[in-house]
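The values are calculated or read from the model by the stated rules, or taken from the named source; none is laboratory data. As the structure is a computational prediction, the values presented were derived from the model and not from experiment. Virtual Cβ from ideal backbone geometry, glycine too; neighbours counted across all protein chains shown.
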Amino acid sequence: METKIKIGLIGFGTVGEGLHDVLKKSPSVKAQVLKICVKNIDKDRSLDKENFTDDVNELLDNDEINLIVELIDDAEEAYLIVKKALTKGKSVVSGNKKMIASHIEELIQLQKDYNVAMLYDASACGSIPVIRNLEEYYDNDLLKSITGILNGSSNYILTRIFNDGQDYSTALKKAQELGFAESNPIFDVEGFDSLYKLVILTVHGFGTIVNPGDVLNHGISKISDFDIQYAKEKGYRIKLTAQVIKINENEITMYVLPRLVTRDKYIYSVEDEFNGVVIQGEAYDKQFMFGKGAGAHPTGASVLSDITARRHNYKYEYKKRKYFKVPLYSTNYTLKVYLRYLKTDDLDLFKFEEIKERYTSEQNNYVIGTIKLDNLIKIKSMLPKLDIFIAYLGAENTY
């Protein structure tokens, strides 16, 4: 049964305006934006002022509006808006991955309590329908791992470094000029964006809800010319990757780290602002999804897909939580890593299980060895302050 969609749009930034453009090109969707809520109603925009309000309650209290589309940056403000919308019986489409990852257990319960739906394919990987595929196609218990380049900004920076010989600062500046990275890029380059997306994908892939603060995320801001030269000499590219792995019948583990990627891996050739996701299963081995992970129209198209789904009364069933035994999150897992460091005192913090290779010089030192994930998580808050760079070296039995 189809429902005529009357939208209350919250936010008219890059994605909000992109959605509005995509809607104009898709008359068959039969969805209408009734009102748009913004912070500054007097700002010059592509639409007439009468389309806007600065009072979110105009949307939430409007009985004609049956779908709230939330596309703002502020995660806590988004949470309050979305929670209120759900409790008022309005379904929601959102792209705010931090808000969703931080409150997903409550949001699942609110959907059940108020018989509404919340869709958020746009929160993970832009134009790639990863969440919907995990819900519908991979709705069995055969999943072994999900590995992805989930952040277009950091991938664009690394592409410029490896393809064009740019240093990190130059590549970051170019990404900011093109709108791929914010003026404060920490959310992207330190792996937080990828972390929140990974938490969401894990819920739909395995059913497990994990607090983002309990997961290791380390980014690319400390990458040096030495690290780049090492990777090139060994035939690697460096990619910021997120991974969740089923380590046994009852446990999964997950992390976000730069990775030294060999040419035989699918993600080796994912470049610029594109995302790539590899799903590995017991029966179907590895399958690969690829597409633009950032930008107004790719993300707007993903939001549109959720709007279309609501027109047909689609909702996530969270099948892995409903029909299967949900695995526990474990950090008792051993990683093989490359660690470049300057001070011996810094190396001592890492508590390596075994060091397999070591290099020392006056300016740069590195080791390759194995380390427990829980040891890395213990010093997670210290990592951004150290003059180090860590990269994961994938084991043969993972992807």
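Considering only residues in region 273-294 that are among the aliphatic types (A, V, I, L, M) and under 27 Å from R160 (Cα atoms), the one that is surrounded by the fewest Cβ atoms within 10 Å (Cβ to Cβ) turns out to be M289.
Could you tell me whether any residue of region 86-93 is at negative phi, in a loop (DSSP other than H, G, I, E, B) and surrounded by fewer than 17 Cβ atoms within 10 Å (Cβ to Cβ)?
yes
Filtering region 327-375 to residues that are basic (K, R) and not in a strand (DSSP E or B) leaves K343, K351.
The set of residues in region 252-295 that are assigned to a helix (DSSP H, G or I) and either β-branched (V, I, T) or assigned by TED's automatic domain parsing to the domain that holds D21 (or both) contains only I267. For region 117-126, the criterion of being over 14 Å from the mean Cα position of the chain (by Cα) and within 16 Å of I267 (Cβ to Cβ) is met by no residue.
Scanning region 67-77 for residues that are under 17 Å from the mean Cα position of the chain (by Cα) and of a type in the set (A, V, I, L, M, F, W, C), we see that the one that is surrounded by the fewest Cβ atoms within 10 Å (Cβ to Cβ) is A75. Apart from one condition, P384 fits all of (1) within 24 Å of the chain's Cα centre (by Cα); (2) crowded, with 17+ Cβ neighbours inside 10 Å; (3) assigned to a helix (DSSP H, G or I); the exception is (2). Take the residues in region 32-63 that are modelled with pLDDT under 95 and in contact with a His (Cβ under 9 Å, 6 or more places away or on another chain), then tell me which one is surrounded by the fewest Cβ atoms within 10 Å (Cβ to Cβ). Checking each candidate, the answer is S46.
Candidates are the residues of region 189-240 that are outside any helix (DSSP H, G or I), among the β-branched types (V, I, T) and in contact with a Pro (Cβ under 6 Å, 6 or more places away or on another chain); the one that is surrounded by the most Cβ atoms within 10 Å (Cβ to Cβ) is I220.
Residues that are modelled with pLDDT of 95 or more and buried (at least 24 other Cβ atoms within 10 Å of the Cβ) do occur in region 100-110. I'd like to check something: does region 119-135 contain any residue that is in contact with a His (Cβ under 7 Å, 6 or more places away or on another chain), surrounded by fewer than 24 Cβ atoms within 10 Å (Cβ to Cβ) and not hydroxyl-bearing (S, T, Y)? For region 119-135, residues in contact with a His (Cβ under 7 Å, 6 or more places away or on another chain), surrounded by fewer than 24 Cβ atoms within 10 Å (Cβ to Cβ) and not hydroxyl-bearing (S, T, Y): present. Given the criteria in contact with a Phe, Trp or Tyr (Cβ under 9 Å, 6 or more places away or on another chain) and either loosely packed, with under 15 Cβ neighbours inside 10 Å or in a helix (DSSP H, G or I) (or both), does Y316 qualify? No. Across region 176-188, what is the number of residues that are surrounded by fewer than 24 Cβ atoms within 10 Å (Cβ to Cβ) and either assigned to a helix (DSSP H, G or I) or polar (S, T, N, Q) (or both)? Residues that pass the stated criteria total 6. Selection over region 11-62 of residues that are within 21 Å of I81 (Cα to Cα) and not small (G, A, S) gives a count of 28.
A quick yes/no check of all residues on (1) in contact (Cβ under 8 Å) with a residue 24 or more places away in the chain; (2) over 21 Å from V203 (Cα atoms); (3) acidic (D, E):
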{"position": "G291", "(1), (2), (3)": "yes, yes, no"}
{"position": "D306", "(1), (2), (3)": "yes, no, yes"}
{"position": "R311", "(1), (2), (3)": "yes, yes, no"}
{"position": "D348", "(1), (2), (3)": "no, yes, yes"}
{"position": "K356", "(1), (2), (3)": "no, yes, no"}
{"position": "M382", "(1), (2), (3)": "yes, yes, no"}
{"position": "L386", "(1), (2), (3)": "yes, yes, no"}
